[in-house]
Amino acid sequence: MSASVIDFVATEARFGAHNYEPIGVVLSRGEGVWVWDTDGNRYLDCLSAYSAVSQGHCHPKILAAMVKQAHRLTLTSRAFHNDQLALFYEEIAALTGSHKVLPMNSGAEAVESAIKSVRKWGYEVKGVPDGQAEIIVCANNFHGRTLGIVGFSTDPETRAHFGPFAPGFKLIPFGDAAAIKAAITPNTVAFLVEPIQGEAGVVIPPAGYFTEVRQLCTANNVMLVLDEIQTGLGRTGKLLAEQHEGIEADVTLLGKALSGGFYPVSAVLSNNEVLGTLRPGQHGSTFGGNPLACAVARAAMRVLVEEGMIENAATQGARFLEGLKDIRANTIREVRGRGLMLAVELHPEAGRARRYCEALQGKGILAKDTHEHTIRIAPPLVITSDQVDWALERFAAILTQDFS
Ligand SMILES: *Cc1c(COP(=O)(O)O)cnc(C)c1O
């Protein structure tokens, strides 16, 4: 490590809250699937900022849109109209087939906004007695870090010593349709769920699960809220992960790649009256729907479609998954994925996934462990076949070693 690297890391540790444990690399530049550290070493980014940089680092068209808009107008607040918001609404509605849009900033804010909206819908449209609304959520969920959200997490680290928490959430196992059937009551307003549980280690539910979930929600007048903040916008090889299941959510949450990593932009999308219950003064955000965010998001959505990134995610994801499955190594317990949302789960005896990620860094690949034994792999959707093959060689070299 050079002196400069030690300095950045030590300074962060000295002044910053220690709420992260980063891999020991200091990045200073990115382009497409590649990032460079302060010593000029190049790495293939297999995390994409948890899928926020799906369009590739510093995509030139998103960059141009951002710079152009930054010269014109950045923030008006929603006290006034701006000339980007309507265009953003029109384009995101056309892309996703949604009828109503609520623009926010972070993913967690989109989740919070959806919770508020479905509760309000429950009281004002469904007729649930005031204060009694229930929302069903799944074990091992990840929906963000606000107080409201961590209150219904099942991860002890996420929750410990942050309470007291808000009531009104009911936990059921993920991928179990019978459990949701049993959990629904007349006061249930929504089922909030990830199509694939990302932070839990890329957990894909059994085939047919979401068809049943959709039927149960419709039959009981329960809003199906899909958190597609990580799975959406092409990550799984389709625009929305719900398309793999042939269903439509009532409320869809997008974030992360909605800005291609340039800016925090998230959105609540709904097909029905849920967002219609919000009246002036009842919800908002100073930065939500600002012209800079809208211009960036418009460009991020445009390049995703125009440059065939969604199809590429399907093609390269299949190639990556095949290649990982072909690696013969005693360390591997399971390989799974959909599109470019992939994971290698190691045998517990193989040692911590973190060690493998550190070894991968030495080979020019940045990946991130999750939950001790899983390496998640999510490169930008612009990755080529040659780059997938290049990565696979390195994964094979590391996974056949033993770091226990
Ligand atoms: C990242 C993520 C969030 C939270 O997004 P932030 O922008 O970090 O607040 C919510 N849900 C899912 C599924 C995510 O992956």
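Looking at this model, which pairs from K120/K238; K116/K181; K100/K181; K256/K363; K170/K238; K100/K238 are more than 25 angstrom apart at the alpha-carbon?
From the list (K120/K238; K116/K181; K100/K181; K256/K363; K170/K238; K100/K238), the Cα-Cα distance tops 25 Å for K120/K238; K100/K181; K256/K363; K170/K238.
Given +1 on the Cβ of Lys and Arg, -1 on the Cβ of Asp and Glu, and no further charges, what dipole in debye does the chain carry about its Cα centre, rounded to the nearest 20?
Result for the chain is approximately 540 debye, rounded to the nearest 20.
For segment 204-248, take the alpha-carbon Rg, divide it by the Kirkwood Rh, and send me Rg/Rh.
Taking Rh as the inverse mean 1/r over Cα pairs, Rg/Rh reads 0.98.
Over all Cα pairs of the chain, how is the pair count split among 20 Å bins, expressed in % and running from 0 up to the last occupied bin?
Spelled out bin by bin, the chain gives 27, 58, 15, 0 percent.
In segment 199-354, with Lys and Arg counted as +1 and Asp and Glu as -1 at Cβ, which of these residues, L346, G201, N312, has the Cα nearest the positive end of the dipole, that is, farthest along it?
L346
Label A207 and E393 with points 7 Å out from Cα along Cα→Cβ: what is the distance between them in nm?
Using points 7 Å along Cα→Cβ, the separation is 3.6 nm.
When a/c is below 1.5 the answer is rounded, else prolate if a/b is larger than b/c, else oblate, so apply that to segment 360-399 with a ≥ b ≥ c taken from the square roots of the Cα gyration tensor eigenvalues.
oblate
In a shell of Cβ-Cβ distance under 11 Å around K126, excluding K126 itself, what net charge do Lys and Arg (+1) and Asp and Glu (-1) give?
Here the count lands on 0.
How high is the relative contact order of the chain? Use alpha-carbon pairs under 8 Å, at least six apart in sequence, and give a whole percent.
Once normalised by length, the contact order is 23 percent.
When only alpha-carbon atoms count, how far does segment 46-169 stretch along each of its three principal axes, as whole angstroms with the largest first?
Largest to smallest, the principal-axis extents are 47, 39, 27 Å.
Whole Å is fine, so just give me how far the alpha carbon centre of segment 192-222 lies from that of segment 377-404.
Value for the Cα centre distance between the two parts: 30 Å.
Using a Förster radius of 41 Å, what is the FRET efficiency between T11 and A93 based on their Cβ-Cβ separation? Nearest 0.05, please.
0.40
So between T146 and S28, what do we pick up on full extension, going 0.36 nm a residue minus the alpha carbon distance?
That works out to 39.6 nm of additional length.
Taking 0.36 nm per residue of separation and subtracting the Cα-Cα distance, what length does fully extending A182 through N220 add?
This chain segment gains 12.5 nm when fully extended.
At a Förster radius of 56 Å, what calculated FRET efficiency corresponds to the Cβ-Cβ distance of T76 and R328, to the nearest 0.05?
E(calc), rounded to 0.05, equals 0.45.
Apply the Karplus curve 6.51 cos²θ - 1.76 cosθ + 1.60, θ = phi - 60°, to the phi angles in segment 8-25 and return the couplings in whole Hz, x for Gly and Pro.
4, 5, 5, 5, 4, 5, 6, 9, x, 5, 8, 8, 9, 10, x, 4, x, 9
No value in this document is a laboratory result; all are computed from the given coordinates. Everything quoted here is computed from the prediction, not taken from an experiment. No Cβ is skipped: glycine too gets one built from the backbone with ideal geometry, and neighbour counts run over all protein chains shown.
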